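As structure tokens, the structure follows; a few thoughts come after it.
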Amino acid sequence: MKHNFKKEFPKKQTVQKSQKPLIGKISVNAKGVGFVATEDKDSDIVVESPFLNTALHGDEVEIKINSQEKNTRTSGEVIRIVKRVKEKFVGILQESPEGLFLVPDDTRMYLDIKIKKDSALIKAIGKKIQVKMLPWTDSSKNPEGVLLSVLGNKGDNNVEMKAIVLEKGFETDFPDEVLKEADHEKDRATSYDGLKDNRKDFRGTTTFTIDPADAKDFDDAISYKEIGGDDIEIGVHIADVSHYVKEGTSLDIEAIKRACSIYLVDRTIPMLPEVLSNDLCSLNPKEDKLAFSAVFVMNKKTAQVKERWFGKTIINSDKRFTYEEAQQGIVSKQGIFAHELEVLNTIAKILQKEKFASGAIDFEQSEIKFRLDDTGRPLEVLRKERLDAHKLVEEFMLLANREVAEFIFNGAKNKKGMVGIYRIHDVPQLEKINDLVLFLKALGHKLPVRNGKVLSRDINILLKEIEGTPEESLIKTATIRSMSKAIYSPNNLGHFGLAFPYYTHFTSPIRRYPDLLVHRIIYDFLTEKPIGKNQFIAYKKIADSSTEQEIKAAEAERASIKLKQVEYMSERIGEVFEGTISGVTEWGIYVEEKETRCEGMVKLRDMKDDYYMLDAKNYRIIGEKSKKKFSLGDKITFKVLGADIEKKVLDYALIDQK
């Protein structure tokens, strides 16, 4: 537990008078050390634990410089919390002589939270709970909090999954007012004539959806119509969520707050109530559905877009394909809509080839999935297979997204005051690219840097070279991490990773709020709706919050995967596996299992045959006497020593150290 906050506070270093206070977002690691990035400094400012002054991970803080010397990192002190970003925490309730404390699941929360003891709480000792932290201003004392809810027994699958969602700041349930509005939209839709607002009718056009076998919401469909010669009409039809979720309603406000759906190993936490996401807005087969569509006339031999149209439609999907069913039709050329699938697949391959020829980076990585028992325990870890059917859908969604983005951009350029929202991906920062170059050099690979920039074609050459090698996953992950983050913005900067000058998110309004906003933007432009004041500021706020929520949702997904990986390995203590060294530190080496990608650590103190030291420059450890080396990317054999499900960590031991 971390509730004994007794530390020797070092004397504060003299502050240089010339330094003015700086404001930035603080990142805090598990050791309670903070790092603040500010616009005024090229590198992060280090804030040691005694100088955090109650700042927590993610807070916006004002700091002052305590020391700034050559060849050392700048250190500072938090003097004000500008904005506290997190007040709710999840963890285990534990008792000590000093009282009751929440031991947070979030390892970056460096102190336990003291809870006032009462009879109800006594029964919850040892269980997972959620608390709200009270205003905390005295860093010499633990923060205090009040109980929000008792989640249940630790280790229970439902409790752990709920804890992950709550820990990231999401809610698992919808407010009553939001549910009532969703039910009202369902009731209103039963008597609705979809053609009364001049929707284009596609109900007579061949249309189908292609989704995972376990999908519950279908937010995109593809239509196919041959119109003569080599020309075909292809429609990308997206659920018209904007028809049901009106701006300013409780549904809309809740959707803005959530920003996206969360996909955990065994469940989805939807952005919209299920009566909308899984029913009213879902493009279920054999049902009339309202859509917002991007329709293209294309040459099926060249994939050239000859005409495009955007607008509201009504569709009726003829068939709900799983990816596997669609793949079977593509391969066998038999079955319902086999011809349509074959033509679409041919066009998709042309689009994909053109995309990579233009400089798009092939970051495709294998993903894992789990086969669970009725209690949520993992029985098997499987690799997800990427089929042509997956790529077919992906390419047509990319087509719709970039064509819509160009339409919005040109509209904004030609219509004074119009604002769009884009999915942008900036060029990589030179500092991160230089780090990547050093990392690759240690593994025996090169990445050219020309005039301080890296070209996407050189990244693709590298990724092609490492295909099938033990370090393929490692290098792809490192390369992705060196890239700038894709974000939402009302400023169009293009998408470096996809090599698109215009790109947005249009195709998933059931599960992403920016897509819903893009639908409104297009419709406002098509109907010549007057542009509101401060539209740019409003869109910038939504873009920023959507990006933040997306990051948290991805963290929750990864946490659920890590939990299941640790649970899986916890039942295989003592078993031997093959893996690749995926990281090296001064306290141990990280190893990723070959098939399941379960990552654990081999602690240096457990390597008894020698005294090993870190050679950070070359990403390896070296034995002091034997000079034996274990380097990043090396293939090794290891044994599972232990699994800590609560902390989500695995302990491994090397088998063959010859």
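The values are calculated or read from the model by the stated rules, or taken from the named source; none is laboratory data. Given the structure is predicted, the values throughout are model-derived calculations rather than measurements. Here the Cβ is made from the backbone with ideal geometry for all residues, glycine too, and neighbour counts use every protein chain on show. Surface areas here come from the heavy atoms of the whole protein model, side chains and all, with no ligands, DNA or RNA. Shrake-Rupley method; radii C 1.70, N 1.55, O 1.52, S 1.80 Å.
When the residues of the range 458-490 are narrowed to those that are of a type in the set (Lys, Arg) and exposed (fewer than 14 other Cβ atoms within 10 Å of the Cβ), which ends up farthest from residue 633 (Cα to Cα)?
The residue in question is 485.
Looking only at residues that are modelled with pLDDT of 95 or more and among the basic types (Lys, Arg) in the range 145-199, which one is least open to solvent (accessible area, probe 1.4 Å)?
Across the range 145-199, the extreme among qualifying residues is 162.
Which pairs turn up if I take residues in the range 587-614 that are at negative phi and in a helix (DSSP H, G or I) and look for partners that are open to solvent by 10 Å² or more (accessible area, probe 1.4 Å) and of a type in the set (A, V, I, L, M) with beta carbon separation below 8 Å, at least 6 apart in sequence or on another chain?
What qualifies is 606/641; 606/653.
What strands (runs of 3 or more DSSP E), lying completely within the range 368-440, carry at least 1 residues that are open to solvent by 50 Å² or more (accessible area, probe 1.4 Å) and at pLDDT 90 or above?
368-372, 378-383
Can you go through 279, 266 and tell me which one is at pLDDT below 95, in contact with a strand residue (DSSP E or B) (Cβ under 9 Å, 6 or more places away or on another chain) and under 28 Å from residue 164 (Cβ atoms)?
Values: 279 fails: in contact with a strand residue (DSSP E or B) (Cβ under 9 Å, 6 or more places away or on another chain).
Exactly one residue qualifies, and that residue is 266.
Taking the conditions exactly as written (farther than 30 Å from residue 290 by Cβ and either modelled with pLDDT of 90 or more or in contact with a Cys (Cβ under 6 Å, 6 or more places away or on another chain) (or both)), does residue 459 satisfy them or not?
Criteria met by residue 459.
From the residues in the range 332-348 that are touching a helix residue (DSSP H, G or I) at 6+ places or on another chain (Cβ under 8 Å) and open to solvent by 30 Å² or more (accessible area, probe 1.4 Å), which one is nearest to residue 501 (Cα to Cα)?
Checked the range 332-348; the qualifying residue nearest to residue 501 (Cα to Cα) is 342.
Restricting to the range 616-650, name every residue that is open to solvent by less than 50 Å² (accessible area, probe 1.4 Å), assigned to a strand (DSSP E or B) and at pLDDT 90 or above.
621, 622, 623, 630, 636, 637, 638, 640, 642, 643, 650
Restrict the check to the range 188-210 and report whether at least one residue is assigned to a helix (DSSP H, G or I) and farther than 22 Å from residue 296 by Cα.
Within the range 188-210, one or more residues are assigned to a helix (DSSP H, G or I) and farther than 22 Å from residue 296 by Cα.
Quick one: which residue in 160, 171, 185 is in contact with a Gly (Cβ under 9 Å, 6 or more places away or on another chain), over 30 Å from residue 338 (Cα atoms) and among the charged types (D, E, K, R)?
Details: 171 fails: in contact with a Gly (Cβ under 9 Å, 6 or more places away or on another chain); 185 fails: in contact with a Gly (Cβ under 9 Å, 6 or more places away or on another chain).
One residue alone meets the criteria, 160.
Quick check, is residue 73 basic (Lys, Arg), modelled with pLDDT of 90 or more and over 30 Å from residue 647 (Cα atoms)?
no
Yes or no, residue by residue, for (1) of a type in the set (S, T, N, Q); (2) in a loop (DSSP other than H, G, I, E, B); (3) touching a strand residue (DSSP E or B) at 6+ places or on another chain (Cβ under 8 Å):
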residue: 57; (1), (2), (3): no, yes, yes
residue: 63; (1), (2), (3): no, no, yes
residue: 77; (1), (2), (3): no, no, yes
residue: 92; (1), (2), (3): no, no, yes
residue: 107; (1), (2), (3): yes, yes, no
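Cβ-Cβ distance below 8 Å, separation of 6 or more or different chains: which pairs start in the range 510-535 with a residue that is within 16 Å of residue 312 (Cα to Cα) and of a type in the set (Phe, Trp, Tyr) and end on one that is open to solvent by less than 10 Å² (accessible area, probe 1.4 Å) and part of a helix (DSSP H, G or I)?
Short answer, once both residue conditions are applied: 525/408; 525/411.
What is the number of the single condition among (1) surrounded by fewer than 16 Cβ atoms within 10 Å (Cβ to Cβ); (2) at positive phi that residue 259 does not meet?
Of the numbered conditions (1) surrounded by fewer than 16 Cβ atoms within 10 Å (Cβ to Cβ); (2) at positive phi, the odd one out for residue 259 is (1).
Which of the residues belonging to the range 214-256 are at positive phi and assigned to a strand (DSSP E or B)?
Across the range 214-256, the qualifying residue is only 228.
What pairs come out if I take residues in the range 455-474 that are without any contact (Cβ under 8 Å) to a residue 40 or more places away in the chain and pair them with residues that are in a helix (DSSP H, G or I) and among the hydroxyl-bearing types (Ser, Thr, Tyr) whose C-beta lies under 8 Å away, six or more apart or interchain?
462/479
What number of residues within the range 238-294 satisfy the criterion of being of a type in the set (Asp, Glu), within 25 Å of the chain's Cα centre (by Cα) and within 22 Å of residue 521 (Cα to Cα)?
The number of residues fulfilling the criteria is 3.
Tell me the residue from 612, 590 that is touching a helix residue (DSSP H, G or I) at 6+ places or on another chain (Cβ under 6 Å) and among the aromatic types (Phe, Trp, Tyr), please.
Every option except 612 fails the conditions.
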